[in-house]
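What follows is one structure encoded as structure tokens, with my remarks underneath.
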Amino acid sequence: MTTHPSSRPEWQALQSHARAFQQVHLRELFAADPGRGRRFTAEAAGLYLDYSKHRISEETIALLMALVRSAGLPRRIDAMFAGEKINATEGRAVLHVALRMPRGAIVNVDGQNVISEIYAVLDRMEAFANQVRSGAWLGHTGRPIKNIVNIGIGGSDLGPLMAYEALRHYSQRSLTCRFVSNVDATDFIETVRDLDPAETLCIVASKTFTTLETMRNAHTARAWLVAHLGDEAAVARHFVAVSTNAREVTAFGIDPANMFGFWDWVGGRYSMTSAIGLSTMLALGPEAYHEMLGGFRAMDEHFRTVPFERNMPVIMGMLGLWYTSFFGAETQAVLPYDQYLRRFPAYLQQLTMESNGKRVRFDGTPVDYQTSAIYWGEPGTNGQHSFYQLIHQGTKLVPCDFIGFCHSLNPVENHHDLLMANMFAQAEALAFGKTSEAVADEGVASELIAHRTFPGNRPSTTILAHRLTPAILGALIALYEHSVFTQSIVWDINAFDQWGVELGKVLAGQIVPELTAPSEPVLNHDSSTNNLIRRYRDARK
Ligand code: F6P
């Protein structure tokens, strides 16, 4: 058994430090240090990180960095970048970082340099994207493609969907990308309702090519296309696949020449820079796609090389861990002040919670501390008129990440100044609040003073960049990817497996025939599940 994280002296030092820090208010910390707003900042890959509005001191940072070092992060970073099989429970390397490395790099997995394989696929993606974008790729009836429908789920959906939304400004507007993920047929039907199959290209995106939802949707899409175009042969011009499973792709009827491959060392939620990014490349074009990869790469290099005290993913990861493991914070809000990032919180939910939502350590023993926070959020300013009340005056500690840009991609009148003034104001209000004395001084009736007081001391990070570009998006995503990894190392959990999704899949597989059997099946579930199945069957008789 390896050293339990919570029995490390560095962990225990943080525990007593956190106890002492409970009563310290951000008002005092800022009053005591006029340079605080500049001191607790970092900059990398075009992102400026202000973490001064956290309940921390120099000592806190020193203790957090001592903990992450004693947990072995430097060695684990090297191991990840070198292609070692750090995903121990699946016996796999973890090499999403290789997907962003330059053409000349060398990373060997099982004696094979994966970089040349990566670029072989990237080159094919580019050639294909250029054909589709230029109108040279014709559908079965000779019409060029106008619509892309990505059929995938989880990491084969959320990353490309989020990136398309985020970078829509840079997309070729004559092409529309849509995304089908849910096995609920409504998703497919409403997505294709106004699309002409003769002008539609379906990308079936699935690492395994066995995922129930994706395969069901892919078959429905194929039936829709063949029914409208009246010819099975149409599939060849209207379906491409992104997968690691060539055998299943061929069995589905997609020509392997129209398959873009990737590898088992790319986890689903880390796959948006693999061929899973095909829809992103189709929308943006190869040049902007490579700019995005450049942003990822800049943050990867920063993470790999910069001392932890200035290392943005390490700082972010450890601040999250500070509140989760030492202050009992249950959730983390992500609040992008940019409409283009509206799906960023949803994307982060899979990245963070599928990675670090774990209860046992690498050696299988249970943790005795909290692991991943629950991530959630909405774009500003909408959230301000909905759930921010709880963050300001509720009983829960909710650390917040504010994300904003100095320049709007749609500068109209003073919209952007209003947007950003709100972002800065929210972080300020959360940190400093409003004392009962200040409320009383405004002449507020005494019975309302408590209601109108803001306790403050509510921590937040502000991430500010010049403008939302493909490179900045790449850097932002890599920032979160590596902060998740950082936390996992301290918590001693595997961020790269997801066994927790299996049980539900197996049970659903058992229940499907029970719902559809012509004669009453023998049900061996608990009394609640048995009763629900019977009610469903009765209603459908
Ligand atoms: O939900 C489990 C999961 O395996 C995710 O990790 C993954 O992103 C998703 O399913 C989709 O898997 P696939 O790309 O193999 O269809």
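Report, to the nearest 10°, how far helix 212-229 tilts away from the longest principal axis of the Cα atoms in the chain, using its own Cα long axis and a range of 0 to 90°.
Orientation of helix 212-229: about 40 degrees from the principal axis.
Taking 2.2 N^0.38 Å as the expected size of a compact globular protein, what ratio does the Cα radius of gyration of region 446-502 give against it, to two decimals? Write down the numbers at each step before the final one.
Numbers: Rg = 19.5 Å, N = 57, 2.2 N^0.38 = 10.2 Å.
Its radius of gyration relative to the 2.2 N^0.38 Å reference: 1.90.
For a quick size check, give me the Cα extents of region 413-467 along its three principal axes, largest first, whole Å.
In descending order, the Cα extents are 46, 28, 14 Å.
When the convex hull of the Cα atoms of region 102-284 is projected onto a plane and the area is averaged over all directions, what value comes out in nm²?
Values: hull surface 40.5 nm².
Mean shadow area of the hull around the Cα atoms is 10.1 nm².
Counting only protein chains, not ligands or nucleic acids, how are S274, S436 ordered by accessible area (probe 1.4 Å), most first?
On the way: S274 5, S436 50 Å².
Largest accessible area first, the list is S436, S274.
Compute the signed sum of charges (Lys and Arg +1, Asp and Glu -1) over the other residues within less than 15 Å, Cβ to Cβ, of T141. Let's see the in-between values first.
On the way: positive: R143, K146, R237; negative: D196, E199, D231, E232.
For residues surrounding T141, the net value is -1.
Give the accessible area for D417 in Å² (nearest 10); use a 1.4 Å probe, count only protein heavy atoms, and leave out ligands, DNA and RNA.
The value for D417 is about 110 Å².
Each residue of region 136-150 in turn: what ³J(HN,Hα) in whole Hz from Karplus with 6.51, -1.76, 1.60 and θ = phi - 60°, glycine and Pro shown as x?
In residue order, the calculated couplings are 6, 7, 9, x, 4, 9, x, 8, x, 7, 10, 10, 10, 10, 8 Hz.
Could you report region 297-429's accessible area per residue, 1.4 Å probe, as an integer in Å²? Could you put the intermediate results ahead of the total?
Working: 5540 Å² over 133 residues.
Normalised by residue count, the accessible surface of region 297-429 is 42 Å².
With 20 Å as the limit, write out which pairs from K358/K505; K53/K358; K85/K505; K396/K434; K207/K505 have Cα-Cα distances beyond it, or answer none.
Details: K358/K505 18 Å; K53/K358 29 Å; K85/K505 26 Å; K396/K434 18 Å; K207/K505 16 Å.
Where the Cα-Cα span goes over 20 Å, the pairs concerned are K53/K358; K85/K505.
In whole percent, and with a 1.4 Å probe on the protein chains, what portion of the accessible area of the chain is carbon and sulfur? It would help to have the intermediate numbers written out before the result.
Values: 12130 of 23060 Å².
Carbon plus sulfur share of accessible area: 53 percent.
When the gyration tensor of region 225-272 is built from Cα positions, what are the square roots of 5 times its three eigenvalues, in whole Å, from largest to smallest?
On the way: eigenvalues 131, 24, 12 Å².
Value: 26, 11, 8 Å, ordered largest first.
Add -39500 (n - 2.57) for each DSSP H run of 4 or more in the chain, then divide by its residues: what number comes out at 222 nm, to the nearest 500 deg cm²/dmol?
Counting only the DSSP helices, I get -14000 deg cm²/dmol.
When all protein chains stay in place, what accessible area (Å², nearest 10, 1.4 Å probe) is found for E437?
110 Å²
The values are calculated or read from the model by the stated rules, or taken from the named source; none is laboratory data. Please read all numbers here as calculations on a predicted model, not as lab measurements. Using ideal geometry, Cβ is built from the backbone for each residue, glycine included, and neighbour counts are taken over all protein chains shown. To get the accessible areas, we keep the full protein, side chains included, count just its heavy atoms, and leave off ligands, DNA and RNA. Shrake-Rupley method; radii C 1.70, N 1.55, O 1.52, S 1.80 Å.
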